[in-house]
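Here is the structure we will look at, set down as structure tokens.
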Amino acid sequence: MTRFKKALMPAISVLLLFVVWQLAVLMFKLPTYILPGPVEIFGGIWDQSDKLGSNITVTLGNTLIGFVIGTAIGLGLAVVMVLSGWIYDFVMPVAVAISSVPTAAFVPLALIWFGMGDESKIAMAALAVSFAVLLNAVTGLQSSPRDQVNLLRSFGASRFKVLLKLQLPAAMPSIMTGMRVGLSRATITVIVTEMLGAYSGIGQVIYQATSVVDYVTVWAAVLVASAGSLVLYGLLAALDARLVWWR
């Protein structure tokens, strides 16, 4: 029953939000260009379900591919940095410097280098994820108590075996946190990239609808994008619960 209540509460919160939203639109007689009501927006989603469905599929697909690539790069580089001190000293300042810049600032470069196709969106998603995973993974891998590391080494365990048996399991909460942050960043970055240059995707739908002052479609696309992002985040949360079951 407790799990059912936990699953039900977010749905109730969203439903209440839509009810208050619709009542506010009716009470204050807000025009569509200021804020359309949920009834009107859901009507727009229904009328354009094929268009919105195909475009959100493109967006989520590119986000997921970039997420997998970025996670692999970030985690692999974190392992190498922990095993090699000089690589850590060389890479960490660069990683911190790049991650301090908003990922969206690199979008024009990605469009120049990779074009307006899916490649630029995947590259931007991978960039957004890789540094989030890298920094969190390094922190987690370095958090193992020194006495436990020394104990394993005293029994003849190699540095790689210590990493595999002790440091990596201990770092899983930090790694999953980095993946959660990275997934959110990747989704936002892909949509922004689509708005600035793309042939398809939910971001391009938002851009085109804005250019013709179709605010119902803008809001419809935003809600569809939010729903799609929640699906990806829910899948990652389920994976987190499986891998980090003790948390």
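Of note:
- Pairing each residue of region 198-211 that is of a type in the set (Val, Ile, Thr) with any residue that is not in a helix (DSSP H, G or I), provided the two are 6+ apart or on different chains, yields no C-beta distance under 6 Å.
- Selection count, region 30-60, where residues are of a type in the set (Val, Ile, Thr), farther than 30 Å from Ala123 by Cα and not in a loop (DSSP other than H, G, I, E, B): 2
- Count of region 193-247 residues which are outside any helix (DSSP H, G or I) and under 30 Å from Gly140 (Cβ atoms): 4
- Selection within region 78-87 - part of a helix (DSSP H, G or I) and closer than 18 Å to Val162 by Cα: Ala78, Val79, Val80, Met81, Val82, Leu83, Gly85
- Residue list for region 18-50, restricted to those being among the hydroxyl-bearing types (Ser, Thr, Tyr) and free of Cβ contacts under 8 Å to residues at least 24 places away in the same chain: Ser49
- Any hit, region 67-78, residues being at pLDDT below 95, of a type in the set (Ser, Thr, Tyr) and more than 14 Å from Gly201 (Cβ to Cβ): no
- Counting only helices (runs of 4 or more DSSP H) wholly contained in region 90-190, the ones carrying 3 or more residues that are buried (at least 23 other Cβ atoms within 10 Å of the Cβ) and touching a Leu at 6+ places or on another chain (Cβ under 7 Å) occupy 118-141.
The values are calculated or read from the model by the stated rules, or taken from the named source; none is laboratory data. Everything quoted here is computed from the prediction, not taken from an experiment. Reconstructed Cβ throughout: ideal geometry from the backbone, glycine too, with neighbour counts over all protein chains shown.
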